[in-house]
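Beneath this line is the structure, given in structure tokens, with notes to follow.
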Amino acid sequence: MKTNTEEIAALIYNAPIGKYIGENGAKILAERAAQKLDLEDDEVLCEKGISTNSFYIVTKGRLAITSEVKDKQTPAILHVLEKGDLVGELSFIDGSAHADTVRSLGSSCVISFNKADIDPLINDNPELVFNFMRAVIKRVHSTLTAINRQQNELLTYIQTGGRGRV
């Protein structure tokens, strides 16, 4: 039977950041800087306007990035996060408040990393922290690239009236 630390280490290693930090790095993070959080359906992980100084890796289920819509009872879903996706990385890096609310769509699981738990590793294991942050930045860059591609596709669609290329 796996201990909680072993389970968390396996989840970290099997996430996209695992290839950057390796099994030993995943084990260190699991022991010193990570928690597994199970979420119920519609449970809020991050609330708009609040800083958590944490970021999360989705390991099971799906999370919705939502925004309140005037005159509607249910929030609009802006984007759906799935296994391997990151959320809250800006709050983690610079302490900024979350731009939108993130809630679970059905039961979900995330691994949580808090800045206060990562900071001591900067001196204790700088190579691990460098590789960890490199993985986070790589994922953020990948997300930004996908958003830019979608924005260009939408612009082309608008410019052509839905007929294809300009």
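The values are calculated or read from the model by the stated rules, or taken from the named source; none is laboratory data. Please read these numbers as outputs of a predicted model, since none were measured by experiment. Cβ placement follows ideal geometry from the backbone for every residue including glycine, while neighbour counts extend to all protein chains displayed.
The rows are residues; the columns are (1) surrounded by fewer than 16 Cβ atoms within 10 Å (Cβ to Cβ); (2) touching a residue at least 40 places away in the same chain (Cβ under 8 Å); (3) small (Gly, Ala, Ser); (4) in a strand (DSSP E or B).
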| position | (1), (2), (3), (4) |
| --- | --- |
| 26 | no, no, yes, no |
| 41 | yes, yes, no, no |
| 56 | no, yes, no, yes |
| 61 | no, yes, yes, yes |
| 72 | yes, no, no, no |
Problem set entry | Only one of 88, 162 that is small (Gly, Ala, Ser), surrounded by 16 or more Cβ atoms within 10 Å (Cβ to Cβ) and either without any contact (Cβ under 8 Å) to a residue 60 or more places away in the chain or in contact with a helix residue (DSSP H, G or I) (Cβ under 8 Å, 6 or more places away or on another chain) (or both) | 88
For this session: Take residue 43 and decide whether it is acidic (Asp, Glu), under 24 Å from residue 119 (Cα atoms) and at pLDDT 90 or above.
Result: no
